[in-house]
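Working notes for the structure below.
Each reported figure results from applying straightforward, stated rules to the coordinates on display, with no laboratory input. Everything quoted here is computed from the prediction, not taken from an experiment. Positions of Cβ are generated from backbone atoms using ideal geometry, with glycine treated the same way; all protein chains shown enter the neighbour counts.
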Amino acid sequence: MLSDLDIVIISVVGGALATAAIERAFRVLESVAQSRGGRGHLAGTWYQHIPAQRGEPAKLDRVECRHAGERLSGTIVRLSPPSATDRRWEFSGQARKDYIFLAFHSVRPKPNPWSYGTIQLLDTEGDLTGSYVRPRLKETQPPTVDTTPVLLTWTRKPPEGT
């Protein structure tokens, strides 16, 4: 026959083992979700709209985003203007609450070695708004680098005609 102390010890040990097993199961499920793409709410296709500014024409890009936990990664492909549809970038970064920060670089740096930088976005109830910064060489003496932010928006809705 078990004493009251034996029952307490068995209950405590059994509870500790059950808690450890449940924690392990949650970690395994999280790992499986991440290995399958971990589709957070930012995952999927976005359209990056860059209005005409700083003497540059308006631009439109398709963004394919992967989102697992706080981590983001993906690709950006230029859709317009037609003269720039061969441009592609990769990005990685993090989402913390409503703030998203990414580093991007060109997949093909030969035509444009300055095509890298950062994107900062704020999740504003569906659309993401913010800016990107990339170095631009100024023709001054001595040459300097301009890092003025360029405004942009990410939307889920495909633009008309795509």
Extended-chain gain in nm, criterion 0.36 nm per residue less alpha-carbon gap, residue 9 and residue 133: 38.5 nm
Point-to-point label distance, residue 105-residue 124, nm (Cα→Cβ direction, 7 Å offset): 3.1
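If you add up the charges near residue 110, with Lys and Arg at +1 and Asp and Glu at -1, over every other residue whose beta carbon is less than 14 angstrom from its beta carbon, what do you get?
Details: positive: 87, 88, 108; negative: 86.
Residues near residue 110 contribute +2 overall.
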Net length gained if the chain between residue 39 and residue 148 were fully extended (0.36 nm per residue, minus Cα distance): 36.0 nm
Net charge of neighbours whose Cβ lies under 14 Å from the Cβ of residue 92, counting Lys and Arg as +1 and Asp and Glu as -1: -1
Distance between the range 38-78 and the range 126-147 - C-alpha centres, whole angstrom: 18
Rg/Rg_globular for the range 44-155, with Rg_globular taken as 2.2 N^0.38 Å and Rg from C-alpha atoms: 1.07
Sequence-distant lysines (8 or more away, or on other chains) whose Cα lies within less than 17 Å of residue 157: 59
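Calculate, in nm to one decimal, what residue 88 and residue 141 gain on full extension: separation in residues at 0.36 nm each, minus their alpha carbon distance.
Taking residue 88 through residue 141 to full extension adds about 15.9 nm, to one decimal.
By per-residue mean of other Cβ atoms within 10 Å, what is the highest-first order of 59-69, 95-105? Mind dumping the intermediate values first?
Details: 59-69: 17.8, 95-105: 14.9.
Ranked by mean Cβ neighbours within 10 Å, highest first: 59-69, 95-105.
Order by neighbour count: 114, 46, fewest other Cβ atoms within 10 Å first, most last. Don't jump to the answer; show the numbers that get you there.
Numbers: 114 12, 46 23.
Going from least to most buried by this count: 114, 46.
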